[in-house]
Structures are given as C-alpha cells and as structure tokens.
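The values are calculated or read from the model by the stated rules, or taken from the named source; none is laboratory data. Bear in mind that the values here come from a model prediction, so they are computed numbers and not experimental data. Heads up, the Cβs are rebuilt from the backbone with ideal geometry, glycines too, and the neighbour counts pull from every protein chain shown. Keep in mind that these areas ignore ligands, DNA and RNA; they rest on the heavy atoms of the full protein, side chains included. Shrake-Rupley method; radii C 1.70, N 1.55, O 1.52, S 1.80 Å.
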Amino acid sequence: MLLSMTAQSVGKDIVIGKSFNLESKILNENREVFIALPSNYNRNINTYPIIVVLDAEYLFEITNSIVKIKTSRNEMLESIIVGIPNNTGKRYDMAMRLSNDKGQFFFGDYEGKSTTYLSFLKEELFPFLEKKYRINSHKTIIGMSPTFGPVLEAFWNQPDLFSGYIILAAELSLRTSSGQTIAEKLINSIQDPMHPEASIYIGKASDDLKRRPEEEEKSFFNLNQKLDSIANPKINYKIEILKNENHYGMAISGIEHGLETIHPPEIWQVPYRSFWNSKNPANKLKLFYDKISDTYGFEILPLEDSFYASQTLIGMIRRLKRLGKTKEANGVLKLSLEYYPNSKELKKLSSENH
C-alpha cells in the first residue's frame, strides 16, 4: 500500500550548513565553498578553529557529524567545518604534478596543482573567512586520495599553514619528483627538529593493499618502525592500515582516528565527576581548561550546552543544584557568564537565583 505525502507531513528542511561562491583569481574560476558552524556559534563571542575538508561533496557531512559527536562529549575543540567540493573534472587537480619520464609509477600522474590550491587557501579563502567568521590560528586539513596532494604539500613545504593533517587512502610507496617515496619524504619531515609542532594522521584501507600489496604494506611498516626509533616530540603522529575497510569506507574511521591524533584522549578526558564532588567546582573547571588553552595556544572554553547535557556548564550547574550545592552551583554560573556573557540560557538561570 502506497502512502500519500501531504504538505503537512513534508516538514522542514534539515540544514547542516551553507554554501557560497568565491571568485578566485588564483584558480581562475568561481569556486564553491561549504561551511558549517557550531550549533551555538551565534550566541557566543569566542573564536573557533577551522577544519578544511577537501572532497567536500563526499567528506563534508561525514566530518561535520563526527565533529559534532566528539565535541558534544568533550573530546575535541568545537570547530568550523569548511568544505572545498570538486568542480566538475577538477578532482585530480589537487594531486601533485610529478613526472614519470623514467617509466616509473609516480604519485599524481596528472596535471596536479597542489601548490596552487594552497595559495588559494592561504591568500583568498582564509582572509575571506577571517573577515566573515570568528576563526583562530588552529587549522586542520583533510584530503583523500588523490586530494591529499595539498595536505602533503603543506606538511612538507608550508608547515606554518596548518596544525593538523589528516591523509586518507594514502599511497606511501609512490615516488616523488625528488626520487624519494612519499614515505621517505614523510620520515624527513616528521623527524625534522625545525618543523613546527603539528599532528598528522595517515590511514589506508586494507582492501587498497591489493593494488601494490608488497610495496604499500612495507612502506607503512618501515615508516612506523623508523619513526618509533627516532621520535620527534614536536610531531604527534599515527600511521595505520585499517583492517576490513575499503577505499571510501575507511573515511569514517580515518577521520575519527585523525581527529583523535590531533586532539589526544589523554588531554581531552574532562573529569566532570571530580568537579561535581570538589569543594570549588568552578575553580577546578577553570584550571583544567586553562591548562588545555596553554597546550593549544589560545583560549578554549568549556561547552556551554549540548545534546549530551550532563558534562557541560549548564548541565553542571543543574546537577550541583540537584545535589543541594547551591553555593557551588552559583560559583560555576558566575564563571560561565564570564565565558559566555551573551548566553540567554545562562542569564535565565542567573535571574532564577534572584
């Protein structure tokens, strides 16, 4: 039996972000850009990191969903997601242009423009975003074969541009124009004591090993082994082959593991229960987030609220009140209003106390 759909049952559109067009002189084209803001962006005054997602027509929604879940559980920074979809026929533009005049299979094999795309980001997109949105210096970039070209190019040659790098469906055994493999160039960059502090994740699906099983598996193993023997404390990294995953399916696990590499769980284990039970919950909370802020180099605030409500400022205030700790709840409320002076919900809680 077919069910007819009435106007009332259609409902509203579910919107996760917006798109706009940016006229690029560098790319010589009108480039579409996606953007998704944190749910509480418009009621706050603080700044946010950005996550640049290449292959946005495929990875934008996935990334936004993973970030939403992880931030709601205090596992990473609230972030603005910026997507760069591929214009028709443009996907391989982002692969680095490398010759194969010796008959070898080099990474790219296309008229790649990795450096050009980084110039677009640095000189056109980022200045536009800085004028229109409250963004800070912490930037992450995600690319998936072949669009991890700009990710590698940035890590190797413009390391001040990003703090976090996520490379999906990596091809580490392919050679670069210098004659080195991608893995060999990565060893040099990760071990370079002059490289700025950064976090890099490199993942590959086990199913992708079928194409060059010996070369790729060996490259991943050797890269991990050499890096383990000479660790660089300034570079946090994870390099892995994801078992029982295919080329595109690995994106979900890869993005999740990449974000965990950039935002390590040992830093982001927020001990809310110990805050609730302390004599001065507001002070404990402030000290914890001051420490995280020092780690990242800019102010990071506790979550005001989220659908996972118990471990947020508003949730903490309500829980303390339920426990009969009115003085402690008021202390957290006062601190919360310092963090979020424009919050209507916090102002409402404050008015209820008077």
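Can you spot a residue in region 222-232 that is touching a strand residue (DSSP E or B) at 6+ places or on another chain (Cβ under 9 Å), assigned to a strand (DSSP E or B) and either surrounded by 14 or more Cβ atoms within 10 Å (Cβ to Cβ) or in contact (Cβ under 8 Å) with a residue 60 or more places away in the chain (or both)?
No: zero hits.
Here are K279, K321: which of them is part of a helix (DSSP H, G or I) and open to solvent by 50 Å² or more (accessible area, probe 1.4 Å)? Explain how you work it out, then say what you get.
Details: K279 fails: part of a helix (DSSP H, G or I).
One residue alone meets the criteria, K321.
Looking at (1) closer than 23 Å to H138 by Cβ; (2) in a helix (DSSP H, G or I), find the lone condition where Q269 falls short.
(2)
Could you go through region 319-342 and let me know if any residue there is at positive phi and touching a His at 6+ places or on another chain (Cβ under 9 Å).
Taking every residue of region 319-342 in turn, none turns out to be at positive phi and touching a His at 6+ places or on another chain (Cβ under 9 Å).
D101 versus (1) assigned to a loop (DSSP other than H, G, I, E, B); (2) modelled with pLDDT of 95 or more: which is the lone unmet condition?
So D101 meets the others, but not (2).
So which pairs qualify, if the first residue must be in region 55-73 and more than 21 Å from Y117 (Cβ to Cβ) and modelled with pLDDT of 95 or more, the second must be among the small types (G, A, S) and not in a helix (DSSP H, G or I), the Cβ gap must be under 6 Å, and the two must be at least 6 apart or on different chains?
If the second residue must be among the small types (G, A, S) and not in a helix (DSSP H, G or I), the pairs left are N64/A36; V67/S79.
Output the residues belonging to region 205-221 that are in a loop (DSSP other than H, G, I, E, B) and surrounded by 15 or more Cβ atoms within 10 Å (Cβ to Cβ).
Here is the first cut: in region 205-221, the residues in a loop (DSSP other than H, G, I, E, B) are 211-212.
Passing the criteria: only R212.
Among the listed residues Q191, Q269, which satisfies the condition of being without any contact (Cβ under 8 Å) to a residue 60 or more places away in the chain and closer than 30 Å to V332 by Cα? Full working, then the answer.
On the way: Q191 fails: closer than 30 Å to V332 by Cα.
Of Q191, Q269, the one residue that is without any contact (Cβ under 8 Å) to a residue 60 or more places away in the chain and closer than 30 Å to V332 by Cα is Q269.
Taking the condition closer than 18 Å to L301 by Cβ and part of a helix (DSSP H, G or I), does L333 pass?
Details: closer than 18 Å to L301 by Cβ: yes; part of a helix (DSSP H, G or I): yes.
Here the answer is yes, as L333 does meet what is asked.
Could you tell me which of the residues K348, K291 is over 23 Å from K70 (Cα atoms) and either of a type in the set (D, E, K, R) or assigned to a helix (DSSP H, G or I) (or both)? Talk me through it step by step, then tell me what you get.
On the way: K291 fails: over 23 Å from K70 (Cα atoms).
Going through K348, K291 in turn, the sole match is K348.
Scan region 235-266 for residues that are in a loop (DSSP other than H, G, I, E, B) and open to solvent by 70 Å² or more (accessible area, probe 1.4 Å) and jot them down. Lay out the reasoning, then the answer.
Within region 235-266, the subset in a loop (DSSP other than H, G, I, E, B) is 243-249, 263-266.
Selection gives K243, N244, N246, Y248, E266.
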